[in-house]
Amino acid sequence: MTSPDLYTAWRVHEKNGGYEGAEEACSISDLPENDVLIRVTHSSLNYKDALSASGNKGVTRSYPHTPGIDAAGEVVESRRGPAAGEQVIVTGYDLGMNTPGGFGQYIRVPADWCVPMPPGWDAGKAMVYGTAGLTAGLCVEKLLKMGAAAGQGRAVVTGASGSVGSVAVEILSKIGFEVAAVSGKVDQAEPLRQLGASEVVGREVLEPSKKPLLKPGFANAVDTVGGAPLAELLKQISPGGSVSCCGLAGGTQVETTVLPFILRGVNLLGVDSVEIPIAEKKGVWEKLAGQWACPGVEKTARVIGRRDLGDALKAFLKAESAGKIVLDHS
Ligand code: NDP
């Protein structure tokens, strides 16, 4: 396949002190010098894309900028790594942060950022999962490595209706865990049960309390919220249990005592999906395409076009987003 000179991207500009995104024509020759040119057919929406699109300088330093930390499609030109014609997935590293990302129809990235498309998958399917699915898989993998097992008691997922949370709920329930989903959205209780949650509890369960320890209610956890709710969660983990911590939707500051750690041996496990070695990403992608496949999440994923991006990204910032959203460039 040969590439055209121009392509369309949803690009964010700094305007009158604010940030606005819109479709615009871009030139392939302006893409950064890198190994692999990819025709992106699909991307996936993430909280970090919403931050980039709204001018968060911790994510994107300068504008105009094309967000999209996830991309999947076909290699068009390659100097190294995957060959032209191969389907690949790219997530994380600098994609969509300060390197033009998956909200454009073309990206040019280092060969080491590309994961081969798992057999039986296409770009649309991969982007149902995206970084969020990968992160959920990494969270579950870390729990299992620390000895978490079905039968130890309830595993809890916070921010359960979100992109990461919904995949975590389905994977955990699929591999036999009894899953409690913590969600602030009453209308998401039934969808979360459909994904396999055995119960859905409100965020009140993680309301601040003065006590340094609470009755253990959960054996293990995937926490996508961080902040004060994470501190409360740690107080409720059973002895020897683990918490995979991947998110900051509820804040970055966690004020805790050492008591859950030294009296109950609770493990707080950090999960990064962005900068880890590509082999680790590949391992989890293969599981997501195999034994950890989430048909429930796949069925409920929403597909949008570039024109819907602005509203969909704003919903993330207002914590109103639910489930997975795929961007289809066609
Ligand atoms: P979403 O916005 O899709 O989901 C976050 C969910 O958290 C919301 O749907 C809501 O769920 C809950 N929530 C939001 N605000 C609050 C609050 N103030 N207090 C308590 N709960 C809240 O985001 P993602 O699932 O895509 O990402 C989740 C987090 O993980 C983000 O912080 C993101 O930056 C981070 N992340 C980290 C990665 C890594 O590599 N470590 C990779 C990907 C994401 P509900 O209404 O159901 O309670």
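The values are calculated or read from the model by the stated rules, or taken from the named source; none is laboratory data. Note that the coordinates shown come from a computational prediction; the quantities given were computed from them, not determined experimentally. We place every Cβ from the backbone using ideal geometry, glycine too, and count neighbours over all the protein chains shown.
Descriptive notes on the structure:
- Selection within the range 140-172 - more than 14 Å from Phe218 (Cβ to Cβ), more than 9 Å from the ligand (Cβ to nearest atom) and buried (at least 24 other Cβ atoms within 10 Å of the Cβ): Val140, Glu170, Ile171
- Among the residues examined, Val75 qualifies as modelled with pLDDT of 95 or more, of a type in the set (A, V, I, L, M, F, W, C) and over 19 Å from the mean Cα position of the chain (by Cα).
- For the criterion of being in contact with a Phe, Trp or Tyr (Cβ under 7 Å, 6 or more places away or on another chain), part of a strand (DSSP E or B) and not basic (Lys, Arg), Ala150 fails.
- Test: residue in the range 131-139 that is over 12 Å from the mean Cα position of the chain (by Cα) and within 13 Å of the ligand (Cβ to nearest atom): no
- The set of residues in the range 219-244 being within 17 Å of Ala148 (Cβ to Cβ), under 23 Å from the mean Cα position of the chain (by Cα) and outside any helix (DSSP H, G or I) consists of Asn220, Ala221, Val222, Asp223, Thr224, Ser242, Val243, Ser244.
- Close Cβ contacts (under 8 Å, 6 or more residues apart or on different chains) running from residues in the range 30-49 that are in the same structural domain as Ile107 (by TED's automatic domain parsing) and closer than 30 Å to Gly162 by Cα to residues that are away from the ligand (no atom under 16 Å from the Cβ) and of a type in the set (Phe, Trp, Tyr) comprise Ile38/Tyr106; Arg39/Tyr106; Val40/Tyr106.
- Consider the range 74-90 and keep the residues that are assigned to a loop (DSSP other than H, G, I, E, B) and touching a residue at least 60 places away in the same chain (Cβ under 8 Å). The one that is surrounded by the fewest Cβ atoms within 10 Å (Cβ to Cβ) is Gly85.
- Residues of the range 11-28 classified as touching a residue at least 60 places away in the same chain (Cβ under 8 Å) and not in a strand (DSSP E or B), total: 1
- Val40 fulfils the conditions (1) farther than 17 Å from Gly130 by Cα; (2) touching a His at 6+ places or on another chain (Cβ under 7 Å); (3) outside any loop (DSSP other than H, G, I, E, B) except for a single criterion, (1).
- If the condition is being closer than 14 Å to Arg108 by Cβ and surrounded by 24 or more Cβ atoms within 10 Å (Cβ to Cβ), then the range 1-55 contributes Ala9, Val36, Ile38, Val40.
- Tabulated pairs, the range 164-181, first hydroxyl-bearing (Ser, Thr, Tyr), second modelled with pLDDT under 95, C-beta under 7 angstrom, 6+ apart or interchain: Ser166/Gly323; Ser166/Lys324
- Only listed residue being in contact with a helix residue (DSSP H, G or I) (Cβ under 7 Å, 6 or more places away or on another chain) and within 19 Å of Val201 (Cα to Cα), chosen from Val179, Val128: Val179
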